[in-house]
1. Give the residue, chosen from ALA197, ALA167, ALA226, ALA219, that is more than 21 Å from the chain's Cα centre (by Cα) and open to solvent by less than 30 Å² (accessible area, probe 1.4 Å).
2. Where in region 271-373 are there helices (runs of 4 or more DSSP H), lying fully within it, with 3 or more residues that are under 18 Å from PRO105 (Cα atoms)?
3. With the requirement that a residue be in contact with a Lys or Arg (Cβ under 8 Å, 6 or more places away or on another chain) and more than 17 Å from PHE160 (Cβ to Cβ), what does region 332-359 give you?
4. If you go through region 323-362, how many residues are surrounded by fewer than 24 Cβ atoms within 10 Å (Cβ to Cβ) and among the charged types (D, E, K, R)?
5. Open to solvent by 60 Å² or more (accessible area, probe 1.4 Å) and in contact with a strand residue (DSSP E or B) (Cβ under 7 Å, 6 or more places away or on another chain): is that true of GLN84 in this structure?
6. Of the numbered conditions (1) open to solvent by 50 Å² or more (accessible area, probe 1.4 Å); (2) under 24 Å from CYS145 (Cβ atoms), ARG295 fails exactly one; give the number of that condition.
7. Among the residues of region 298-322, which ones are open to solvent by 20 Å² or more (accessible area, probe 1.4 Å) and more than 25 Å from LYS217 (Cβ to Cβ)?
Amino acid sequence: MSEEKIIRMDMGAVESDTHSNRPVLCLGIESSCDETSAAIVDSDRNILAHIIYSQIPEHQKFGGVVPELAARAHILAIEDVVKQTLNNAGKTIDDIDVIAATAGPGLIGGVLVGWMAATGIAQSTKKPLVAVNHLEGHALVPRLCATMADGTNGNVSVEFPYLLMLASGGHCQILLVGGVGQYEMIGQTLDDSAGEAYDKVAKMLGLGYPGGPVVDKRAQSGNPRAFAFPRPLCDKPGCDFSFSGIKTAARTFLSRMDTTLTDEYINDFCASFQSAVVDCIINRLNNAMKDERVRTANPKTLVVAGGVAKNSAIRAAMEKLAQKNKMIFAAPPMNLCTDNGAMIAWAGLENFAIGNVVHKPVAPRPRWPLTEL
């Protein structure tokens with residue numbers, strides 16, 4: 001992949017406070033899975049402070065996230081994370097204009113911790129509160145800060161509409177993003193998500209948790225043609241994904257092994273697995289670009305977001321696809337791909353700007369499709 005640079009986008013939906021002629025400040029809180037995070041972001045697209053407390057060490061010995069342990073860890077961390085975020089920004093809660101927090105989807109115990117903390121702060125300070133859909137945080141964060149391939153025009157912002165590949169947690173979707181709260185589903189996984197497939201294959205190989213980064217790294221030293229993994233649905237029309245067949249093939253290959261796994265074997269296995277996943281993603285995206293809804297909207301930018309957006313092979317393949325279709329490729333910088341408070345603060349600002357604030361009690365949701373916004 002070519003060298004990348006960070007691009008700060010021109011201001012779109014969010015405007016400065018007209019009374020004080022200063023940027024609007026949002027405190028964003030994220031706690032939907034295994035990161036307790038808070039950030040202060042302003043409407044000029046500056047991240048004033050950002051803290052992520054990762055629970056990965058607590059969950060690694062179990063090979064995945066344990067919901068009860070995650071919720072407990074959020075309870076223990078949330079107060080200090082918020083206080084430290086304010087301190088790092090040199091702000092007090094009185095300086096904040098709006099509070100935003102993830103209200104779903106996610107592990108409901110964790111979501112409740114962050115949401116109740118945000119609700120308490122908003123009620124005690126009489127500040128407006130925004131209930132953010134976690135997936136919308138991922139979908140909108142490239143409008144806060146994006147990394148673009150060096151060959152593109154760095155002055156072009158991620159403007160609506162854009163075509164989005166969103167891969168986060170159990171979700172893997174292709175969406176046409178028309179605006180804040182405007183998401184049209186073009187394709188989605190019918191079974192496992194890409195991230196789940198990576199984690200499960202890594203567990204089969206004994207590579208630990210989280211699996212995505214280590215599989216990507218090992219794949220870079222392997223032969224992508226060493227194992228004949230299937231490409232589910234790639235011979236079918238449409239834009240939906242299926243990754244369970246790739247996962248099943250991985251288990252079948254490994255069950256036939258009668259010797260100790262060598263580094264060469266693992267590297268080749270990871271490279272072959274990753275090649276199949278990438279081929280499926282590009283095949284489905286290529287179909288999406290031919291979809292009548294996408295052709296009518298004529299998006300100029302192809303975006304990848306979510307934890308899988310950190311994957312080097314997926315980013316490189318999507319960049320190439322964008323160039324082939326005369327589109328701009330954009331992705332969040334690496335530190336904003338996984339769950340984080342900055343994306344929640346930015347989504348809060350975008351929603352606050354169009355009046356989407358809480359007026360009555362909100363019940364956090366373990367499931368909350370973007371198409372229901």
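The values are calculated or read from the model by the stated rules, or taken from the named source; none is laboratory data. Only a predicted model underlies this, so the values are computations on that prediction, with no experimental measurement involved. Note that we place each Cβ from the backbone using ideal geometry, even for glycine, and neighbour counts take in every protein chain shown. Surface accessibility is based on the protein's heavy atoms, side chains included, excluding ligands, DNA and RNA. Shrake-Rupley method; radii C 1.70, N 1.55, O 1.52, S 1.80 Å.
1. Numbers: ALA197 fails: more than 21 Å from the chain's Cα centre (by Cα); ALA167 fails: more than 21 Å from the chain's Cα centre (by Cα); ALA226 fails: open to solvent by less than 30 Å² (accessible area, probe 1.4 Å).
The match here is ALA219.
2. Working: elements: 292-297, 312-324, 341-353.
Because the criterion is at least 3 residues that are under 18 Å from PRO105 (Cα atoms), the helices (runs of 4 or more DSSP H) in region 271-373 that meet it are 341-353.
3. To start, the set of residues in region 332-359 that are in contact with a Lys or Arg (Cβ under 8 Å, 6 or more places away or on another chain) comprises 334, 337-338, 346, 350.
Listed by number, the residues that qualify are MET334, CYS337, THR338.
4. Residues that pass the stated criteria total 3.
5. Details: open to solvent by 60 Å² or more (accessible area, probe 1.4 Å): yes; in contact with a strand residue (DSSP E or B) (Cβ under 7 Å, 6 or more places away or on another chain): yes.
Yes: the conditions hold for GLN84.
6. (2)
7. Residues satisfying the conditions are ASN298, LYS300.
Yes/no per residue for (1) within 17 Å of ALA342 (Cα to Cα); (2) in a helix (DSSP H, G or I); (3) modelled with pLDDT of 95 or more; (4) over 22 Å from the mean Cα position of the chain (by Cα):
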residue: LEU48; (1), (2), (3), (4): yes, no, yes, no
residue: VAL65; (1), (2), (3), (4): no, no, no, no
residue: ALA70; (1), (2), (3), (4): no, yes, no, no
residue: LYS83; (1), (2), (3), (4): yes, yes, yes, yes
residue: ILE99; (1), (2), (3), (4): yes, no, yes, no
residue: ALA103; (1), (2), (3), (4): yes, no, yes, no
residue: VAL111; (1), (2), (3), (4): yes, yes, yes, no
